[in-house]
Amino acid sequence: MLPACQASKPPLSRADCPDTPLSLQQLSTRADINTLLISDSSLVKSASNAKCWLKTKGWAQPGELYNHLKLVYVLMTAATVTKGSHLENNAKNAVLAVAFLMESDINDQKVEVIANMVATKVLDWVNSVVNHLAASNKFTSATSTAQAETMLALKDIL
């Protein structure tokens with residue numbers, strides 16, 4: 001059995017994992033990360049760089065779809081296959097590549113959710129307008145029929 005620090009679920013308390021740091025480190029904001037990447041020597045600085053870098057390493061093929069499992073394998077490969085001084089650069093580039101691709105995937109999912117919400121609202125509104133038009137058309141048709149009958153009745157009288 002794995003120790004609590006290596007278990008798949010996070011530890012419930014510090015006592016479960018004595019190597020846990022006493023203080024938490026704040027995560028960088030996206031703006032902070034952008035600033036750091038400008039001066040960084042990393043080859044990967046965007047989602048498009050990430051795809052190119054993965055292709056040059058042979059870890060991705062042109063036109064290949066990325067899923068989370070594929071990205072996990074990229075990280076594992078970078079950590080286990082690369083040796084010596086290349087490990088740090090490859091691991092850093094792999095982590096950045098995976099992060100950019102996951103961020104791109106998350107943004108795509110947000111756009112899809114928003115698009116679906118907008119489409120639903122628009123369709124609800126359009127359906128409401130169509131129902132009102134149908135009711136108006138029915139009323140107009142009934143009124144026209146009544147007027148025509150009245151005109152025929154008056155014509156017969158005169």
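Where a number appears in this text, it was derived from the coordinates with a stated rule and is not lab data. Note that the structure is predicted; figures quoted are calculated from it, not measured.
Worth a mention:
- Were the residues from THR145 through HIS68 laid out at 0.36 nm apart, the gain over their Cα-Cα distance would be 21.2 nm.
- Remark: region 25-158 projects, on average over all directions, an area of 15.4 nm² (convex hull of Cα atoms).
- A simple rule links phi to the HN-Hα coupling: the Karplus curve 6.51 cos²θ - 1.76 cosθ + 1.60 with θ = phi - 60°, which for region 118-133 gives 5, 4, 4, 5, 5, 5, 4, 5, 4, 4, 4, 5, 4, 4, 5, 5 Hz, with x for Gly and Pro.
- In order along region 89-102, the phi-based Karplus estimate (6.51 cos²θ - 1.76 cosθ + 1.60, θ = phi - 60°) of 3J(HN,Hα) comes to 5, 5, 5, 4, 5, 5, 4, 5, 4, 5, 4, 5, 5, 5 Hz; Gly and Pro are listed as x.
- Which listed pairs, of LYS70/LYS121; LYS51/LYS121; LYS45/LYS121; LYS70/LYS92, have C-alpha distances above 26 Å, in listed order: LYS70/LYS121; LYS51/LYS121; LYS45/LYS121
- For region 32-80, pairs of C-alpha atoms spaced more than 14 angstrom apart make up 58 percent of the total.
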